[in-house]
Amino acid sequence: MLTQRAPTKEFAFGWEFPGGSAFAGETGPAAACRELLEETNVTVDPEALRRVGRFTEETALVDLFVVQEPSGSAVRADPTEVMDWRWVSLSEVAALRQSGVMAEPWGPRLDALWPAAMASILAARMAL
């Protein structure tokens, strides 16, 4: 899923992945699921997430997860955070990345994460 940042947020109107900081003692998948729920009202099981990339910044550790769209999810975006949302395929993420509409931090993050993420996803598909 990608969300479009609300007009009042930094990097307004940019597209990004739902996310935020993990609480003390919280796992990456649990934090990702909590943030997805807070921002969009979508519930997913942390076990359903697959980490496909990790990027370390000066003040952050960024994990990128993929998940199958859960059936029966009623998306209700938090208007203070999210202006729009959409479930996207990997090819759509690639196209948005190239088009320059991703929120500023995500352009460089995806540039760093993309090759390893694609390799991880391909390996998982070949294992099926």
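In the chain, the convex hull through the Cα atoms has an average projected area of 8.1 nm², a quarter of its surface area.
Normalised by residue count, the stretch 73-112 yields a Cα convex hull volume of 91 Å³ per residue.
What are the membrane-span-like helices in the chain by this rule: whole DSSP H runs, Cα extent along the axis at least 27 Å, mean Kyte-Doolittle hydropathy at least -0.5?
Helices passing the filter in the chain: 106-127.
Just so you know, all these numbers are worked out from the coordinates, no wet-lab data involved. Since the model is a prediction, treat every value here as computed from it, not as a measurement.
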